[in-house]
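Where a number appears in this text, it was derived from the coordinates with a stated rule and is not lab data. All figures in this text were calculated on a predicted structure; none of them were measured in a lab. Counting neighbours? That spans all protein chains shown, and the Cβs are built from the backbone with ideal geometry, glycine included.
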Amino acid sequence: MTNKNHAEVAIIGGGIVGCAIAYYVAKAGIDCMLIEKGDLASGTSSRCDGNITIVDKDPGFDSLMSLASQELTAELEKDLYLPFEYRTQGSILVCDNDAEMEVANEWVNIQNQAGLKFKLLDHSDIRQESPYFADDIPGGLECETDSLINPYLFCYSLIDRAKEYGLKLHTRAEVKQVSKKEEFLIETTNGSFTAKKVVNAAGVWAPFIGKMLDIEIPIKPRKGHIMVGGRQKPIIMRNVMEFGYLMNKFQRERIADPETLKHGVALVLEPTESQNFLIGSSRQFVGFDARVDFNVVQTMARRALRFFPKLDDFNIIRTYTGFRPWTEDHLPIISAVEEVPGFYIAAGHEGDGISLATITGKLIEEMISGKETTISIEPLRYDRFKRKVVHM
Amino acid sequence: MDRIVICRCEEVDLEEIEQTLINYQCSMREIKLRTRAGMGYCGGRTCRPALNAILEKVSGEKQPHQIPLKVQPPVRPVSLGRIGETNYE
């Protein structure tokens, strides 16, 4: 008889990462439970956009990991029952000026050499993407394999299927204490549970879970704002981001106004299946203060209007904020923890949680099952921060 | 009885909301995300009281753990141009 309050593997956190882990672990036939303090997808995963992108990733490990995630997501579309607004139309980056255009050209060459499907776009290509674009955009680039999903519907869909594979789900169970003797004891506001292995997939809240086992996890909340535009006319078919914020990766200076740089604002415009559109983005370290900051929203609006001046009479119906789990080297921690055998961390994806959720779920399942992993997990190790082998 | 529309912006009817509540035993926030009721142009200003009333009816009582529907700015839709205007203050 299976015990409702015991499992081989307990996953803490019902965001997109925890849900993906639950899916792969349950599918592998391992007895597992998911423990979530609120509702499914009630934190960062319902306060973000829905990009599964390579277009903004460094060539090499980062882009390889995203590509693996894209391939897994395409497979999931066949195995999951509940639709999650999966759209595979690629995505584009737009340049603000000729200096960016020059670097974009290099970027496309590097990505093509790595075997990824990138293409440079000129002024007239950009015009064809959307009639709302500014006339002075010099061009941009495209990544053909990028896709969009609805993150919270994806969570619901993963859990729906995971339950069929045997997952036990405990929501509104906030973890108050985790201790380990022979097995882990997890005390929550909605019952106590035992498990042989624990996966900490609590995102920005992962450090709190780590602390309960004296494990320091170097993740900080990085706040991001999003505006939702109402259904009016179709603006564009696929996701747009600006190239500008990649300039830093090339150690070149980004040319933008002081407010834009101060609030870490970069254009993201995502058309949603509901025919609304999302406008981002901002990046700020302000602790867990979730209030919408009007100065940031205004800066984002101005940035959007620089690229889409003809959207000035489109209505914004909602604004919200979410906390991205930031790490020093911008890679997630997907790792066993040597100090506490049986304890795993899968957190710290910052703005890539949607992009990397499926590969994260698959890797954790492979680590738990003792299989060879789909991609190398060396750069994702927890102890990289202590060994000072963080690649910046 | 004819179809009763609860959320006019997203065209969500009573039956779909009740069925989702029964299937998932979830909070009103999750009902909103699963059905889009209250996520439209009016920001839920029209249907929020009705949604909360349905939750109470189906669950039989006020849920002590329920996650209430929040209200997000702006209070009413406002154009992107107006938000971006300089000298707003």
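Some notes on this structure:
- Here the convex hull built on the C-alpha positions of the protein assembly as shown has a volume of 153 cubic angstrom per residue.
- Residue order, fewest to most surrounding Cβ atoms within 10 angstrom, among A:303, A:324, A:231, B:29: A:231, B:29, A:324, A:303
- Across segment A:136-152, coupling constants 3J(HN,Hα) worked out from phi with the 6.51/-1.76/1.60 Karplus curve, θ = phi - 60°, read 9, 7, x, x, x, 8, 10, 10, 5, 8, 5, 9, 10, 9, 9, x, 6 Hz, and Gly and Pro carry x.
- Cα convex hull of segment A:108-237, projected area averaged across orientations, nm²: 13.8
- Helix B:48-59 and the long axis of chain B differ in direction by around 20°, with both axes built from C-alpha atoms.
- Counting beta carbons within 10 Å around each of A:31, A:329, A:39 and listing the fewest first gives the order A:329, A:31, A:39.
- Calculated from the alpha-carbon coordinates, segment A:254-391 shows an Rg and a Dmax of 19.0, 57 Å respectively.
- If you take the alpha carbon atoms of segment A:1-131 and fit the smallest convex hull around them, that volume is 162 Å³ per residue.
- Distant alpha-carbon pairs in segment A:58-152 (separation over 24 angstrom), percent: 33
- Karplus 3J(HN,Hα) series, Hz, for segment A:231-245 with 6.51 cos²θ - 1.76 cosθ + 1.60 (x for Gly, Pro): 5, 9, 10, x, 9, 7, 8, 9, 6, 10, 10, 9, 5, x, 6
- Acute angle (nearest 10 degrees) that the helix A:353-369 long axis makes with the longest principal axis of chain A, alpha-carbon atoms: 30
- Here each label is just a point 7 Å from Cα along the line to Cβ, and for residue A:79 and residue A:378 those points are 2.8 nm apart.
- Proximal charge balance of residue A:20 [Cβ under 12 Å; K/R count +1, D/E count -1]: +2
- Within straight-line reach of residue A:181, meaning a Cα separation under 19 Å, sit the following aspartates and glutamates at least 8 residues removed in sequence or on another chain: A:8, A:214, A:338, A:339.
- Annotation: cysteines of chain A without a disulfide-compatible partner (Cβ-Cβ under 4.7 angstrom) are A:32, A:48, A:95, A:143.
- Take each residue of peptide A:310-323, count the partner chain Cβ atoms within 10 Å of its Cβ, and average: the result is 5.
- Summing Cβ point charges (Lys, Arg +1; Asp, Glu -1) relative to the Cα centre of the protein assembly as shown gives a dipole of roughly 1340 debye.
- A cut-off under 12 angstrom between Cβ atoms defines the neighbours of residue A:42, and their net charge, with Lys, Arg +1 and Asp, Glu -1, is +2.
- At an R0 of 51 angstrom, the distance between the Cβ atoms of residue B:53 and residue A:71 translates into a FRET efficiency of 0.65.
- Counted charge near residue A:180, where neighbours are those whose Cβ lies closer than 13 Å (Asp, Glu -1; Lys, Arg +1): -2
- Above-threshold pairs, the threshold being 19 Å between Cα atoms, out of A:119/A:310; A:27/A:197; A:180/A:211; A:4/A:197; A:37/A:371; A:4/A:163: A:119/A:310; A:37/A:371
- Net charge dipole size for chain B [Lys, Arg +1 and Asp, Glu -1 on Cβ; Debye, nearest 20]: 240
- Other protein chain Cβ atoms within 10 Å, averaged over every residue that makes up B:71-78: 5
- Mean Cβ neighbour count within 10 Å, used as a protection proxy, ranking A:205-216, A:72-83 highest first: A:205-216, A:72-83
- Shielding by partners for peptide A:42-54, expressed as the average number of C-beta atoms from other protein chains within 10 Å of each residue's C-beta, is 1.
- Pair-distance profile P(r), taking every C-alpha pair of segment A:151-190, with 10 angstrom steps and integer %: 25, 35, 35, 6
- Among B:43, B:81, B:71 - extreme Cα towards positive end, dipole of chain B, charges at beta-carbon: B:81
- Ordering A:185, A:53, A:315 by Cα displacement along the dipole of chain A toward the positive end leaves A:185 in first place; charges were set at the Cβ atoms of Lys, Arg (+1) and Asp, Glu (-1).
- Computed over segment B:5-84: relative contact order in percent, which uses C-alpha pairs under 8 Å that are six or more apart: 31
- In plain terms, the residue of A:288, A:184 with the fewest other Cβ atoms within 10 Å comes first and the most crowded comes last, giving A:288, A:184.
- P(r) tail fraction, segment B:5-84 - alpha-carbon pairs more than 17 Å apart, %: 44
- MRE, 222 nm, helices only [DSSP H, n ≥ 4, -39500 (n - 2.57), over chain A, to nearest 500]: -9000 deg cm²/dmol
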